[in-house]
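Each remark here refers to the structure printed beneath this line.
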Amino acid sequence: MLEKQRHQLILDILDESTFVSVRDLCSQLDSSEATIRRDLNKLADARKIKKIRGGAQVLDDRAVSNIKISGNAFLVDRERNTDTKRMIAKAATELCEDGEAIIINGGSSTFMMSEFLAERRMNILTNSFVLAHELLENSQNQVTLPGGEVYRKQSIILSSFENDTTQNYRGSKMFMGSPGVSEFGVMETDPLLILAEQKLRKRADKLIVLVDSSKIGIKGNLIFCGLDAVDTIITDSNADPQALDKIRQHGVNVVVVQACG
């Protein structure tokens, strides 16, 4: 990850929590302690943060966002299991046909679909502004974005209002990622994300979930939907076979691609 990207993520994290420790930053940004301390020094010198013992906090005169979303930063997730996610995204795109209208929820796995959508001619609604930018720059697909607030950390656009552009859209398929999928359903990290994703789900005939093997069998305290609402799950060959069998027992089509590395 570039230094500039790390600096922006540190500011975004502080915007949500006012204080963060060096240890937490090392974990969230997958960086060494030396790198994080160097970043904090530079941000403090630029008077963008206040450096304190063991971490950093926002400056006293800096406004803090009242709306917070739990979950990993997009730039961090994008660097994990990249090759495997790419193969999962390729398999997902192969389920699409030219001229089809689809919905793509924001996330690191779904973002990888952009490479394989480059030669397609489709109508795509997405709340991922990075995916939208990629498709507009490198494809002839028609791209629609919903209205709402921009959340830089997750690289998505969310609206808390029921009446937005999504209500006028209809897609044959919705593609989304998840922090965990088990026999209990598709997990999510934040209630606001669930509300936004459920609005999108209502606009699609089928739901296709893209998750690498590290997410299979993972249970959480927030459920986006049960497996009865899922048509297909695409994962990789490192997934626990017993966990996949439990998912199949709910009538879900499970597509397994070869894991990379």
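The values are calculated or read from the model by the stated rules, or taken from the named source; none is laboratory data. All of these numbers come straight from a predicted model, not from anything done at the bench. A quick note on method: Cβ atoms are made from the backbone with ideal geometry, for glycine too, and the neighbour counts reach across all protein chains shown. Just the protein is used for accessible areas: all its heavy atoms, side chains included, with ligands, DNA and RNA removed. Shrake-Rupley method; radii C 1.70, N 1.55, O 1.52, S 1.80 Å.
The table for this structure:
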{"quantity": "Filter pass, Thr166 being part of a loop (DSSP other than H, G, I, E, B) and buried (at least 16 other Cβ atoms within 10 Å of the Cβ)", "calculated": "no"}
{"quantity": "Selection within segment 189-209 - outside any strand (DSSP E or B) and touching a residue at least 60 places away in the same chain (Cβ under 8 Å)", "calculated": "Thr189, Asp190, Leu192, Leu193, Ala196, Glu197, Leu200, Arg203"}
{"quantity": "Residue within segment 169-188 that is out of contact with any Pro (no Cβ under 6 Å at 6 or more places or on another chain), over 27 Å from Glu94 (Cβ atoms) and without any contact (Cβ under 8 Å) to a residue 60 or more places away in the chain present", "calculated": "yes"}
{"quantity": "Any hit, segment 66-86, residues being at pLDDT 85 or above, out of contact with any Asp or Glu (no Cβ under 9 Å at 6 or more places or on another chain) and open to solvent by 70 Å² or more (accessible area, probe 1.4 Å)", "calculated": "yes"}
{"quantity": "Options Ile234, Ile223, Ile216, Ile208; residue that is over 15 Å from the mean Cα position of the chain (by Cα), open to solvent by less than 20 Å² (accessible area, probe 1.4 Å) and closer than 21 Å to Asn127 by Cα", "calculated": "Ile234"}
{"quantity": "Residue match in segment 99-116 (condition: outside any loop (DSSP other than H, G, I, E, B), modelled with pLDDT of 95 or more, touching a Gly at 6+ places or on another chain (Cβ under 7 Å) and open to solvent by 20 Å² or more (accessible area, probe 1.4 Å))", "calculated": "yes"}
{"quantity": "Residue within segment 143-151 that is closer than 25 Å to Ile10 by Cβ, within 12 Å of the chain's Cα centre (by Cα), among the hydroxyl-bearing types (Ser, Thr, Tyr) and in a strand (DSSP E or B) present", "calculated": "yes"}
{"quantity": "For Asp12: the one exception among (1) modelled with pLDDT of 80 or more; (2) in a helix (DSSP H, G or I)", "calculated": "(1)"}
{"quantity": "Some residue of segment 140-162 being under 25 Å from Val255 (Cβ atoms), open to solvent by 90 Å² or more (accessible area, probe 1.4 Å), among the charged types (D, E, K, R) and free of Cβ contacts under 8 Å to residues at least 40 places away in the same chain", "calculated": "no"}
{"quantity": "Residue count for segment 18-30, restricted to those that are open to solvent by less than 50 Å² (accessible area, probe 1.4 Å) and modelled with pLDDT under 85", "calculated": "1"}
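So that you can scan it fast, the table gives a plain yes or no per residue for (1) open to solvent by less than 20 Å² (accessible area, probe 1.4 Å); (2) more than 29 Å from Glu149 (Cβ to Cβ); (3) not hydroxyl-bearing (Ser, Thr, Tyr):
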| residue | (1), (2), (3) |
| --- | --- |
| Ser172 | no, no, no |
| Phe175 | yes, no, yes |
| Glu183 | no, yes, yes |
| Lys199 | no, no, yes |
| Ala229 | no, no, yes |
| Leu244 | yes, yes, yes |
